[in-house]
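A short write-up of the structure that comes next.
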Amino acid sequence: MHESSPRVGFLHDGSVSEEQHAAFEWLCEGFDAERVAFDDLTTGDCDVLWWHRDAPIPDDGPLATAAPAIERFLAADGGLVLTLRGMASVDALDVETVPPDETGVHSVTEPTGVLWRSLYADHPAVGEFDRLRLPVCDRGAVPVARYETVLPSRGEVLASTVRDGQDIPHEMTAVSWDADPGTVLGIGAPLAFHERVPEDVAATRDALAAGCLRAAADEPAEPSRPKPASDLREMRTTVDDPARPGYHFTPPANWLNDPNGLIAWNGRYHVFYQYNPAGPFHNTIHWGHAVSDDLIHWTDEPVALAPSPDGPDRDGCWSGCAVDDDGTATILYTGGDGRAQLPCLATTDDPNLCRWDKHEDNPVIESPPDDLDLLETEHWQAEFRDHSVWHADDRWHQIIGTGLVDGGGAALLYTSPDLREWHYEGPLLVGDDDPGTVWECPELLHLDGKQLLHVSDYEDVGYFLGTVEDGSFDVEQRGLLDYGDFYAPQSMRDGDRHLLWGWLPEARDLSAQWDAGWSGALSLPRVLSIGPDDRLEQRPAAEVTDLRDRRIPTPTSLSLAADERERLADGDALELRMEVALADATAVELSLLASPDRAERTTLRYTRDGELVLDRTVASDDHRATADTRRMAVPPYDEPLSLRVFVDRSVVEVFANERHCLTARVYPTREDATGVSMVAEDGRAHVEDLACWAMETGVARTDEPTFACSPLPEP
Ligand code: DQQ
């Protein structure tokens, strides 16, 4: 292989368009280049072939005859760059089975280009740049090819789209394929040479095009998908963001939302989660997978469920649950296909739950019930998704979330003898919330003789405590499971315990998430139970105390004088425990993640009104972070407030009186924003049972695991 500038073969099919002509002229200025015709494909001493195709690609075109020669070229370690519509030829070239789902001519009227993934900021194609947003064109009718609702099955997405300064993550325009040993790079962005563009845009375009040609000629490709666990561990080390929690679970990189399919199996805890391998944004949802022996240390496993290009889950494997069907682990999840979302089933006999077989008759319910007027949207024929399944009275029971046109959110009840044939029984409960509300991720738990139904309604996670009789829910109490950044929780039965995890969504904008390279965390595992007063209790699982690394010296009790700040500790990975009595103070404020000048700080105020107020209005100097306050009532009011507060970089998770939870995502920018202090306002207050621990971080293992699954085969 050559050392410096690669020799580039410019592919054409006999006729050369104006755009191709302009591109070839550009090529000749910087590279040793030659034209290579498809019908006479002699690659000679070329290092890389470039197909810059602006016209549509006919099915019976010269590609079919040229494909074997190109394959031989790749097999001999050649590189191939496919630009404009060229990327749409990947299936014909046998590089890929799923071609881009969006091709055509797009009218470009503002600076448009690639939004490179921060995970691949060191990729040789973009070595010249110290930024991720690279506009390459600002005018013209330009042919493009990109992935929007599906992902390549083998290719790794390198970049999406930036248009007019806006990030557009779901328009995925740059993909790398490992054609072992050759490398293929597809850039379906408007990388065009014919139209004159401003100098800065032309300079970016030229550097990107040259970078791609050099990278395809010289460098090994990014490993293809599906990725083995070792690649996921490597991604975890590459994504280095100071806001990334150290003891709350986060994805190896990219996007995480709802916890799914939580199950204790063969003595290990399995957490699956909604995962997008293409970057830190919600799209093309797969099921990520992690496993733990102790509930607090996690090992990444390969993606467990991926959309099947021709299946009812083509557009995504959405949320669902796992059950033990007489020794067979079985998943019920929502498949998305166009405007339909329908229940699908998968089973496994793999003891490690890594390989799943989708049921051949998916979906297991063909359509939503037709005797109800379910909400329809621009995206969905009917809101009808997410599953909670339990066994009782010799039958399986399932609830599915929806919303009614003339009512609120609803949980629809089905029964089945075998998890495959389902009979619709009617709504288990319909909410009295506003019309337009959808209940996502409903889950029914059997807790100490009562039933608890929780539902997520886009804003909050509401719960109902009561009893199920004759297929309907009799509500005795209701409340919220958490008053902050906590959504779509799911639970796992572990012996007598009900353990619950929620998704802690980011509270910074999409661009900040893009730059960080990861998005979404899981809460700590919470144990749900019913207290002696018949009310819901929530506590961190006992195992969480094993995360305490070192006790930070503090007095065990404190008398706070009016308005005198008491400094307690420093750290961004802490647990604090205390009991607070207001005495004659009007409020007590606990400051967390505070810089020495207090310019950045997150505060938790306990007020005489029996409220806990989390204030993140000055938590971060970064304007991309949410700045607001969250409040929750913390009865009983006649006893000191008991608090456990978990600080984990961008997570603050609060348990009050072992029943009320408030979680907030915060993003201090300053390294010294680590101070913890307390102050009583307008009077004295007392703090008892005070303790503070520095917590262990790095709970997601990046070393060699005790067992590792190999990746899911391609769909
Ligand atoms: N997330 C899933 C859906 C669910 C929503 C899609 C809740 O199944 O309704 O990723 O966050």
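Between amide H atoms placed 1.01 Å from N, distances below 5 Å from V114 occur with L134, V136, V162, all of them 5 or more places distant or on a separate chain. The order of R548, R508 by accessible area, most exposed first and with a 1.4 Å probe, is R548, R508.
Charged neighbours of V634, selected by a Cβ distance under 9 Å, balance to 0 (K, R count +1; D, E count -1).
Across region 7-218, C-alpha contacts under 8 Å between residues 6 or more apart give a mean separation that, scaled by the residue count, equals a relative contact order of 24 percent. Dipole of the chain computed with +1 at Lys/Arg Cβ and -1 at Asp/Glu Cβ about the Cα centre; of P309, V389, C354, farthest Cα towards the positive end is C354. Bridges between two residues of region 229-540, per DSSP, are antiparallel at a rate of about 95%.
Explain nothing, just the number: relative contact order of region 543-695, from Cα pairs under 8 Å at least 6 residues apart, as a whole percent. Please report the intermediate quantities before stating the final value.
Numbers: 412 pairs, mean separation 66.4, N = 153.
Reported relative contact order: 43 percent.
Once phi is turned into θ = phi - 60°, what whole-Hz ³J(HN,Hα) does the Karplus curve with 6.51, -1.76 and 1.60 give for every residue of region 390-397, x standing for Gly and Pro? In residue order, the calculated couplings are 9, 10, 7, 6, 6, 9, 8, 10 Hz. Residues whose amide H comes within less than 5 Å of that of H52, counting only those at least five positions distant or on another chain, are L11, T83 (H built at 1.01 Å from N in the peptide plane). With both labels modelled 7 Å from their Cα along Cα-to-Cβ, the S559 to D703 distance reads 4.9 nm.
Can you tell me the dipole magnitude for region 7-218 around its Cα centre, using point charges on the Cβ only (Lys, Arg +1; Asp, Glu -1), in Debye to the nearest 20?
Values: 15 positive and 38 negative charges, 64 e Å.
Dipole size: approximately 300 debye.
In region 573-639, a dipole from Cβ-located charges (positive for Lys and Arg, negative for Asp and Glu) runs towards its positive end, and of Y606, L590, V618 it is V618 whose Cα lies farthest in that direction. Along region 581-589 the Karplus relation, 6.51 cos²θ - 1.76 cosθ + 1.60 evaluated at θ = phi - 60°, assigns HN-Hα couplings of 10, 6, 6, 9, 6, 7, 6, 10, 10 Hz to successive residues, with x for each Gly and Pro. Local charge for G9 was computed over the other residues whose Cβ lies under 11 Å away, with Lys and Arg +1 and Asp and Glu -1, and equals -2. Please state the relative contact order of the chain as a whole percent: Cα pairs under 8 Å, 6+ residues apart? Computed value for the chain: 10 percent relative contact order. Accessible surface of V389, taken over heavy atoms with a 1.4 Å probe and every protein chain present, rounds to 20 Å².
Count the net charge of all other residues whose Cβ sits under 9 Å from the Cβ of L643, scoring Lys and Arg as +1 and Asp and Glu as -1. Could the numbers behind the result be given before it?
Numbers: positive: R577, R644; negative: E579.
Every neighbour counted, the sum reads +1.
Evaluated with a Cβ-only charge set (Lys, Arg +1; Asp, Glu -1), the chain carries a dipole of roughly 1480 debye about its Cα centre, given to the nearest 20. Ranked by solvent-accessible area (1.4 Å probe, protein heavy atoms only, all chains present), the residues E360, E19 order from largest to smallest as E360, E19. Positive-end ranking of V405, H106, V184 along the dipole of the chain, with charges on Cβ about the Cα centre, is headed by V184.
Working note: Karplus 6.51/-1.76/1.60 with θ = phi - 60° gives region 238-255 the couplings 5, 7, 10, 10, x, 7, 5, x, x, 10, 9, 6, 10, x, x, 6, 6, 10 Hz, where Gly and Pro are set to x.
For Y483, the amide hydrogen comes within under 5 Å of the amide hydrogens of C661, L662, T663, counting only partners 5 or more places away or on other chains and with H modelled in the peptide plane.
V461 exposes around 0 Å² of accessible area when a 1.4 Å probe is run over every protein chain in place.
The values are calculated or read from the model by the stated rules, or taken from the named source; none is laboratory data. The structure presented is a predicted model; accordingly, all values stated were derived computationally and were not measured. Note: ideal-geometry Cβ built from the backbone for every residue, glycine included; neighbour counts use all protein chains shown. Side chains are part of the model used for accessible areas, which takes the heavy atoms of the whole protein and leaves out ligands, DNA and RNA. Shrake-Rupley method; radii C 1.70, N 1.55, O 1.52, S 1.80 Å.
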